[in-house]
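Below is one structure, written out as structure tokens; the observations come after it.
The values are calculated or read from the model by the stated rules, or taken from the named source; none is laboratory data. Everything numeric in this text was worked out from a predicted model, so none of it was measured. In this analysis, Cβ positions are derived from the backbone assuming ideal geometry, glycine residues included, and neighbour counts consider all displayed protein chains. We work out accessible area using only protein heavy atoms, side chains counted, and drop any ligands, DNA or RNA first. Shrake-Rupley method; radii C 1.70, N 1.55, O 1.52, S 1.80 Å.
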Amino acid sequence: MRVTSLIENSRLETAEGLVPEFGLSMLVEHGGSTVLFDMGSSSAFAENAGRLGMDISTVDAAVVSHQHFDHGGGLACFLTANIRAKVYLRDAPLADRRFKALAVIDRPIGLDLEVVERHRDRFEFVSDRAEIAPGVFLLTAIGSAHQRPRGNRKLYVRRDTGFVRDPFDHELLMVVREGDGMAVFTGCSHSGVLNLIDAAIEAFPETPIRAVFGGFHLIGLPFYNSMAASRREVEDLGREILERVSGPVFTGHCTGKKAYPILEDVMGERLRAFPTGARTEV
């Protein structure tokens, strides 16, 4: 399995010509299939793919991990560039989602719902475990044994009675089974990265996790580069991940610049950044 980072907040130093942006997008090549996991905030993921010699029009399936613009902002571009692949979302209300903070910030952060409605026939809404390509699974049964990120407290969704804190019933994770192991793809881990990892373990018991890819949402206010957890909490999180994962952990985006070095102190070389343009094989 080969994984390429098409979008992340930063760029690999040697990847001149690629455009980073606040968001996440990875191209996963596995067993003869190509799966796009998230699409960043704009069309930049497709432009970067082209510069890397990868053709978005040949992608076999696309996944949007949750209904936020920095993971599905490139939907319109993808649906134009690729006329055949299904796009998978978790089965949950398509709704107005917002970031609210400091009593004055009220910013839309959801998907462009008009794009979804115009191309409704291209979408598959998943409510249970689904195999979207050979060995590639989407999971929606996510528990709550572990604390969710405190940064979620600023994230809201519109309901009939007004805005309420987003329960993230629209988040899913992707698992790719490779040989006797598996890789877990988490998007932003709004449900808590440990809850997502445990969901994969429950779905595929006695299958070692060889790698994890995605953000952990430890960032507080992105424009202040703050951290929505204590140092001790982040250290404990790193130790718990190591107990569950036998291979490398590739993270970035909403994990945040402050949390990353703290995790690195605990996880050492097992923790790896995955900026725009990075590639790895599992």
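A few comments on the model shown:
- Residue within the range 149-163 that is open to solvent by less than 10 Å² (accessible area, probe 1.4 Å), over 25 Å from F22 (Cα atoms) and not in a loop (DSSP other than H, G, I, E, B) present: no
- Residue list for the range 101-125, restricted to those being on the phi < 0 side of the Ramachandran plot, not in a helix (DSSP H, G or I) and not acidic (D, E): A101, V104, I105, R107, P108, I109, G110, L111, H119, F123, F125
- Just one of the numbered conditions (1) open to solvent by 10 Å² or more (accessible area, probe 1.4 Å); (2) on the phi > 0 side of the Ramachandran plot is not true of G187: (1).
- Which numbered condition F45 fails, given (1) part of a helix (DSSP H, G or I); (2) in contact with an Asp or Glu (Cβ under 9 Å, 6 or more places away or on another chain); (3) touching a residue at least 40 places away in the same chain (Cβ under 8 Å): (3)
- Summed over the range 254-277, the residues that are open to solvent by 10 Å² or more (accessible area, probe 1.4 Å), in contact with an Asp or Glu (Cβ under 7 Å, 6 or more places away or on another chain) and under 23 Å from S25 (Cα atoms) give a count of 2.
- Considering the range 241-253, the residues that are open to solvent by less than 60 Å² (accessible area, probe 1.4 Å) and part of a helix (DSSP H, G or I) include one that is nearest to L221 (Cα to Cα), namely H253.
- Looking only at residues in the range 13-27 that are over 17 Å from G72 (Cα atoms) and touching a residue at least 40 places away in the same chain (Cβ under 8 Å), the one that is most open to solvent (accessible area, probe 1.4 Å) is T14.
- The range 132-143 residues that are within 11 Å of A199 (Cα to Cα) and outside any loop (DSSP other than H, G, I, E, B), paired with ones that are basic (K, R) and open to solvent by 10 Å² or more (accessible area, probe 1.4 Å) (beta carbon under 6 Å, 6 or more apart): L139/R129
- Selection count, the range 49-67, where residues are of a type outside the set (G, A, S) and in a loop (DSSP other than H, G, I, E, B): 8
- Among the residues of the range 30-45, those that are farther than 15 Å from A76 by Cβ and buried (at least 18 other Cβ atoms within 10 Å of the Cβ) comprise H30, T34, V35, F37.
- Among the residues listed as D70, D128, the single one being part of a helix (DSSP H, G or I) and not hydrophobic (A, V, I, L, M, F, W, C): D70
- Residue ID - nearest to I142 (Cα to Cα), chosen from residues in the range 62-94 that are small (G, A, S) and surrounded by fewer than 21 Cβ atoms within 10 Å (Cβ to Cβ): A92
- Filter result for S10 (open to solvent by 10 Å² or more (accessible area, probe 1.4 Å), at negative phi and among the small types (G, A, S)): yes
- Within the range 133-147, restricting attention to residues that are among the hydrophobic types (A, V, I, L, M, F, W, C) and closer than 15 Å to M1 by Cβ, the residue that is surrounded by the most Cβ atoms within 10 Å (Cβ to Cβ) is V136.
- The listed residue being at pLDDT below 95 and among the hydroxyl-bearing types (S, T, Y), out of T161, T140, T186: T161
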